[in-house]
1. Taking a 1.4 Å probe, which of 385, 328, 431, 49 shows the most accessible area, and what order do the others take after it?
2. Have a look at the range 511-556 and give its Rg and Dmax from the Cα atoms, expressed in angstrom.
3. Once phi is turned into ³J(HN,Hα) by the Karplus curve 6.51 cos²θ - 1.76 cosθ + 1.60 with θ = phi - 60°, what whole-Hz value does each residue of the range 432-449 show in order, with x for glycine and proline?
4. Return the long-range amide H neighbours of residue 103 (sequence gap of 5 or more, or a different chain), with a cut-off of under 5 Å between placed amide H atoms.
5. All other residues with a Cβ under 9 Å from the Cβ of residue 435 taken together, and with Lys, Arg as +1 and Asp, Glu as -1, what is their net charge?
6. Measuring from centroid to centroid over Cα atoms, what is the spacing of the range 417-438 and the range 487-524 in Å?
7. Could you work out the helix-only [θ] at 222 nm for the chain, with each DSSP H run of four or more residues adding -39,500 (n - 2.57) and the total divided by the number of residues, to the nearest 500 deg cm²/dmol?
8. Report the Rg/Rh value for the range 264-367, based on alpha-carbon coordinates and the Kirkwood definition of Rh.
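The values are calculated or read from the model by the stated rules, or taken from the named source; none is laboratory data. From a predicted model like this one, the values you see are computed outputs, not experimental measurements. As a convention, Cβ positions derive from the backbone with ideal geometry for all residues, glycine included, and neighbour counts pool all protein chains shown. Calculation scope for accessible area: heavy atoms of the full protein, side chains included, ligands and nucleic acids excluded. Shrake-Rupley method; radii C 1.70, N 1.55, O 1.52, S 1.80 Å.
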Amino acid sequence: MTEATLLDTATPTAAQRIARRLKHHGVEVIFGQSLPSALVLACEDLGIRQFVYRTENAGGAMADGFARVSGKIGVVTAQNGPAATLLVPPLAEAMKASVPILALVQDVNRDQVDRNAFQEFDHITLFASCTKYARRVADPARVEEYIDAAIIAATSGRAGPAVLMLPADMLIANAPKAPFSRSATLGRWPLERPAPDPEAIATAAAMIAHARQPIVIAGGGVHAARACAALEDLQDYGVPVAYTMMGKGSVSDRHPLTLGLVGNAMGRHSLGRHLRPILQEADVVLLVGTRTNQNGTDSWTLLPPNAQIIQIDIDPMEIGRTYEAKVRISADARASLEALTTRLRDLWPDHRRSTQQTLAQRIAAARQDRATEIAPLIANRGRLRPEQVMAYCQELLDEDAVVAADASYSSIWITAFLEARRAGQRFIAPRGLAGLGWGLPLAMGAKLASPASRVLCVVGDGGFGHCWSELETLKRMGCAVTLLVLNNSLLGFQMHAELVKFGRFTSAIHFGAVDHAAIARACGLPAHRVDTMQSLRDALTASFADDQTTHVIDIICDPEAVPPLTMFDGKFAQS
């Protein structure tokens with residue numbers, strides 16, 4: 001029997017059953033490149049859109065960006081062998097960043113295993129380190145069961161990626177109806193919201209109420225739990241909130257008690273540099289959904305050594321990592337914050353209002369001092385600086401805009417120099433593993449997740465070189481983002497870090513001159529190459545007036561511009 005005949009039989013094929021199951025779970029788009037063909041055809045027959053990437057590395061990041069913004073699982077498909085190996089980097093990022101992705105990967109026929117079939121590889125071992133769940137599905141009668149299990153693994157607890165290997169012959173085989181009915185819809189995350197221990201909440205609330213200076217540090221887990229409104233309620237009680245790069249947007253930067261970005265980007269020209277004394281005065285620190293990683297804690301120097309720690313995290317293994325937690329709350333962040341705020345209503349002392357006012361005044365003064373400090377950079381009339389670019393973007397962005405960036409400097413520019421205008425606004429960057437080349441695909445996934453939102457993507461020329469090919473995807477798929485390429489013809493962080501550590505740098509730092517606008521035009525996209533504030537304003541105005549297509553803005557930037565990393569303080573002319 002031919003494949004075409006199998007696909008037309010009255011009994012659904014395994015591929016058709018998988019497609020129906022995905023549809024049942026609310027999947028409307030998959031990121032793919034045709035393979036597994038039987039599955040993609042079945043999906044398209046049901047109206048599930050295939051968003052066709054050029055490389056699997058980018059496709060996985062698109063699924064990541066889609067999941068972060070939509071609150072739904074991202075689905076990516078790929079061929080076995082080399083295509084599957086290219087999924088490892090974005091799945092590893094999703095694993096570290098706690099983002100649910102379902103990867104459906106074609107495998108060799110079942111009777112060809114261990115015979116050196118074309119592109120045969122031990123994929124389960126390949127994916128073991130970068131997924132929560134990896135299985136090979138051999139029985140077509142069990143495909144619905146495995147789809148559900150993979151989605152549950154990806155979206156429950158600490159979210160992360162799951163992989164199903166689908167043998168090509170299994171996909172086109174008839175799949176009899178499963179003996180057990182399955183009706184649950186599982187495609188949104190978090191799948192469940194484990195409630196916090198009431199005793200732990202009571203203890204935490206009492207600690208915060210009686211603290212001299214409590215603070216909150218919010219990480220990406222606040223966004224994952226959709227807990228921004230709950231965190232804002234706690235902030236309104238008078239508890240100041242700082243955030244990590246992944247926690248950017250968890251509270252409004254305009255709230256009088258927002259301390260801003262903390263971690264290794266608290267050097268000169270940062271707001272954090274002016275507000276670090278408040279952090280150091282804290283006697284109780286509430287950590288919410290943060291891994292207390294190296295960058296987020298400025299190499300574990302951020303928290304006062306005598307402060308008492310309360311930690312909320314869905315993953316119990318993250319609680320007490322490095323910093324021992326006096327109160328452990330292993331539960332859903334939104335449920336925990338709501339319970340904590342409710343408990344505080346009966347405990348919050350009256351004198352806190354005057355303390356809150358004094359603190360708000362200190363924060364306002366720090367913001368003004370910082371604005372005065374960076375004013376010369378914004379007014380600079382020499383070569384364009386990223387601070388100037390961010391300042392003008394801020395004038396154009398509304399509170400529903402989504403901002404994406406590559407790792408390294410790009411993510412620092414957006415988190416340290418752009419404002420979140422409301423709690424819940426999304427700023428996404430690959431800060432799980434901090435790989436280059438994922439900023440643009442993250443933005444593309446975000447745009448599919450939120451088509452009505454303006455999506456601004458900021459990348460450096462070093463990172464952008466990893467994913468030029470997706471410019472053609474943007475044009476072909478009609479995906480409209482505003483793409484800013486900060487073009488300084490070098491690997492900025494690598495050069496500056498090597499200068500600090502070794503006093504010199506390697507021969508890999510400098511690139512040849514590249515006209516990224518010309519590359520974009522060759523792909524059929526409108527593009528602008530700018531080197532003055534006026535030309536930048538004109539290009540951004542044109543892009544923001546066009547909701548139908550991507551505009552690429554190649555910005556010739558000052559190579560001496562250094563973001564506010566603490567490791568660079570005093571090492572360079574403007575650091």
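1. 328, 49, 431, 385
2. Reported Rg and Dmax, both Å: 10.7, 33.
3. Along the range 432-449, the couplings run x, 10, 6, x, 7, x, 9, x, 5, x, 4, 5, 5, x, 4, 5, 5, 6 Hz.
4. For residue 103, whose amide H was placed from the backbone, the distant partners under 5 Å are 76, 162, 163, 164.
5. Working: positive: none; negative: 93, 406.
In short, -2.
6. What the calculation gives is 22 Å, centre to centre.
7. For the chain, the value works out to -11500 deg cm²/dmol.
8. Details: Rg = 15.1 Å, Rh = 15.3 Å.
When Rh is taken as the Kirkwood radius, the ratio is 0.99.
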